[in-house]
Amino acid sequence: MSHQTAIASFASTIESIRNEITTVEGQITTLEYERNDVAAAPPHTDDIIAVYIRGLAESARTFKTQLTAQLRARYGRHEKYSNLDAPNNAKGSLQILTLEKQQQQPGFGAGRQISTELNIAALTCLLADRIEVMIPDLVRELFPEADAGMRQADRDAALAKIDRELAELKQRKSQLVEDINAARRAVNGQG
């Protein structure tokens with residue numbers, strides 16, 4: 001093979017690899033745009049409803065934790081309460097829909113409990129059954145376009161597929177760049 005033929009063959013190989021890199025970069029860009037579109041697609045009605053239902057469950061857990069702490073603090077027996085006059089009797093009343101806070105009030109001792117703030121977690125927990133029934137109808141009525149939205153399971157699958165394809169293309173691009181660099185080293189006598 002003559003020098004000119006070898007140079008022409010080398011140039012052709014480099015040009016072919018460059019063209020393939022350009023093609024791969026275009027595919028990467030297209031997939032990145034597709035990934036952004038999938039990630040930004042509006043959610044489906046069912047997924048929106050599920051978010052609200054999870055919120056109801058979280059409110060119930062929060063309220064139950066608050067009520068447990070209040071019951072134990074007010075009526076529980078603990079070694080550190082050696083005072084027989086501690087409020088361990090069931091006289092009096094408590095408001096279940098308000099939060100009790102430790103506050104200093106003029107004319108009262110420090111730490112007096114005063115219920116002043118509505119406990120949304122309690123209200124949500126107590127009305128959860130009614131709210132849960134209403135959520136689907138409200139979402140469908142007030143945000144009907146969500147019926148055409150993308151389900152989270154479909155979004156997750158599409159993103160996973162795109163991410164796999166992107167990883168393969170990026171690996172292919174890296175290999176092509178390495179092929180060009182190896183060819184250049186070989187021509188320069190460094191290979």
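The values are calculated or read from the model by the stated rules, or taken from the named source; none is laboratory data. Keep in mind it's a predicted model, so treat the numbers as computed, not measured. In this analysis, Cβ positions are derived from the backbone assuming ideal geometry, glycine residues included, and neighbour counts consider all displayed protein chains. Heavy atoms of the whole protein, side chains included, go into the accessibility calculation; ligands, DNA and RNA do not. Shrake-Rupley method; radii C 1.70, N 1.55, O 1.52, S 1.80 Å.
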The residue that is modelled with the lowest pLDDT, considering only those in region 175-191 that are closer than 15 Å to R18 by Cβ and open to solvent by less than 70 Å² (accessible area, probe 1.4 Å), is A183
Give the residue, chosen from A153, A157, that is open to solvent by less than 70 Å² (accessible area, probe 1.4 Å) and free of Cβ contacts under 8 Å to residues at least 60 places away in the same chain.
A157
Does A50 fit the bill of being at pLDDT 80 or above and under 43 Å from the mean Cα position of the chain (by Cα)?
yes
Which of the residues spanning region 9-26 are of a type in the set (A, V, I, L, M, F, W, C), farther than 22 Å from A167 by Cα and surrounded by 12 or more Cβ atoms within 10 Å (Cβ to Cβ)?
F10, I14
Scan region 137-159 and give yes if some residue there is modelled with pLDDT under 95, under 31 Å from the mean Cα position of the chain (by Cα) and polar (S, T, N, Q), otherwise no.
no
Answer residue from region 23-54, given it is among the small types (G, A, S) and assigned to a helix (DSSP H, G or I) and is nearest to V177 (Cα to Cα) among those
G26
Residues of region 27-55 satisfying the condition of being acidic (D, E), touching a residue at least 12 places away in the same chain (Cβ under 8 Å) and open to solvent by 60 Å² or more (accessible area, probe 1.4 Å)
E32, E34, D46
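Is region 87-102 home to any residue that is assigned to a helix (DSSP H, G or I) and either at negative phi or at pLDDT 75 or above (or both)?
First pass over region 87-102, keeping only residues assigned to a helix (DSSP H, G or I): none.
No, region 87-102 contains no residue that is assigned to a helix (DSSP H, G or I) and either at negative phi or at pLDDT 75 or above (or both).
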Filtered residues of region 42-65 (kept if polar (S, T, N, Q) and under 13 Å from D129 (Cα atoms)):
S59
